[in-house]
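The values are calculated or read from the model by the stated rules, or taken from the named source; none is laboratory data. All of these numbers come straight from a predicted model, not from anything done at the bench. Methodologically, a virtual Cβ is constructed for each residue, glycine included, from the backbone with ideal geometry; neighbour enumeration extends over all protein chains shown.
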């Protein structure tokens, strides 16, 4: 066997994407370069790693077994890098975070300078919904989560980063209905819900229940970005976090509908399991957050304090 680490990385990416074209894009290589390296890697074995059926690339059973070993090799190589960096006094390792979808408007600002200060730290970020964030923490597949509503079923440590405000949002065509009640407006416009498991959906359902509001027509979408685009297109109205639509509000693409008992407020919380033993990267991140979060909020979120 005479394969290279570069060939191993290429094969791993091809397995993850089931596509030479997608692998080439991720690896910033040309498609022919990936094809050649994959071919050279496959020639090391007596069994095929991949096969093409109806112009689609599939990984063989043998290929999946090799891929499992490849993952272990790459993990061990990462450990070697961490050991070398530790001896040189550098902080290195992986920082794994899961965030609710709206957190993508918040979390990057709390990560940027930390990653610049510690260039040997590798970030893994999963943008999902609240249920998946809690599930990932429980399975220890991530170190931290970012949520706006704390669960009461898990023993957590939480760090409050900044305030989160939810408003009812419509496009600019809603102006003629500005004096309507929410019940009257929902008789002529659908209400757009997030998917089940979303904290924003829970907040909206609680608001509707509290005010005894019935929804005649509803639409369900699976991301805040999809909800925002649907509102802009005039498909309906929805409860949305201000942090995700502040640009659209500023340039009068969307507007806040001034209904009773809004906004709903909560905090953006960085959370981790109370039972988790934090490693050096985790501890450094917690220390960075606690020391710098006020500065970050003042610098990057001045326009978010509606």
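For residue 124, are the conditions met, namely being under 15 Å from the mean Cα position of the chain (by Cα) and assigned to a loop (DSSP other than H, G, I, E, B)? Judged against the criteria, residue 124 is not a match.
Inside the stretch 68-105, residues that are in contact with a helix residue (DSSP H, G or I) (Cβ under 6 Å, 6 or more places away or on another chain) and either under 30 Å from residue 164 (Cα atoms) or at pLDDT 90 or above (or both) make up a count of 7. Residue by residue through the stretch 178-207, note down the ones that are without any contact (Cβ under 8 Å) to a residue 12 or more places away in the chain, more than 16 Å from residue 266 (Cα to Cα) and either surrounded by 14 or more Cβ atoms within 10 Å (Cβ to Cβ) or out of contact with any helix residue (DSSP H, G or I) (no Cβ under 9 Å at 6 or more places or on another chain) (or both). Those that are without any contact (Cβ under 8 Å) to a residue 12 or more places away in the chain, more than 16 Å from residue 266 (Cα to Cα) and either surrounded by 14 or more Cβ atoms within 10 Å (Cβ to Cβ) or out of contact with any helix residue (DSSP H, G or I) (no Cβ under 9 Å at 6 or more places or on another chain) (or both): 179, 180.
Evaluate the stretch 96-115: report whether one residue or more is surrounded by 15 or more Cβ atoms within 10 Å (Cβ to Cβ), more than 23 Å from the chain's Cα centre (by Cα) and in a helix (DSSP H, G or I). Checked the stretch 96-115: no residue is surrounded by 15 or more Cβ atoms within 10 Å (Cβ to Cβ), more than 23 Å from the chain's Cα centre (by Cα) and in a helix (DSSP H, G or I). Residue-level analysis places residue 202 outside the set of residues that are closer than 18 Å to residue 254 by Cα and part of a helix (DSSP H, G or I).
Within the stretch 37-68, the residues that satisfy the criterion of being exposed (fewer than 14 other Cβ atoms within 10 Å of the Cβ), in a helix (DSSP H, G or I) and over 28 Å from the mean Cα position of the chain (by Cα) are 39, 61, 65. Within the stretch 133-185, the residues that satisfy the criterion of being over 21 Å from residue 111 (Cα atoms) and part of a helix (DSSP H, G or I) are 135, 138, 172, 173, 174, 175, 176, 177, 182, 183, 184, 185. The condition (being at pLDDT below 95, in contact with a helix residue (DSSP H, G or I) (Cβ under 9 Å, 6 or more places away or on another chain) and either surrounded by 14 or more Cβ atoms within 10 Å (Cβ to Cβ) or assigned by TED's automatic domain parsing to the domain that holds residue 127 (or both)) is satisfied by just one residue among 266, 294: 266. I'd like the residue in the stretch 208-247 that is free of Cβ contacts under 8 Å to residues at least 60 places away in the same chain and in a strand (DSSP E or B) and, out of all such residues, is surrounded by the most Cβ atoms within 10 Å (Cβ to Cβ). The residue in question is 221. Just so you know, in the stretch 1-24 the residues that are more than 25 Å from the chain's Cα centre (by Cα) and more than 17 Å from residue 77 (Cβ to Cβ) include one that is surrounded by the fewest Cβ atoms within 10 Å (Cβ to Cβ), and it is 2.
Looking across 277, 252, one residue alone is at positive phi, surrounded by fewer than 11 Cβ atoms within 10 Å (Cβ to Cβ) and either assigned to a loop (DSSP other than H, G, I, E, B) or touching a strand residue (DSSP E or B) at 6+ places or on another chain (Cβ under 8 Å) (or both). It is 252.
Screening the stretch 164-177 for residues that are in contact (Cβ under 8 Å) with a residue 40 or more places away in the chain and loosely packed, with under 13 Cβ neighbours inside 10 Å and picking the one that is nearest to the chain's Cα centre (by Cα) gives 172.
Would you mind stating whether residue 198 is more than 16 Å from the chain's Cα centre (by Cα) and closer than 30 Å to residue 278 by Cβ? No: the conditions fail for residue 198.
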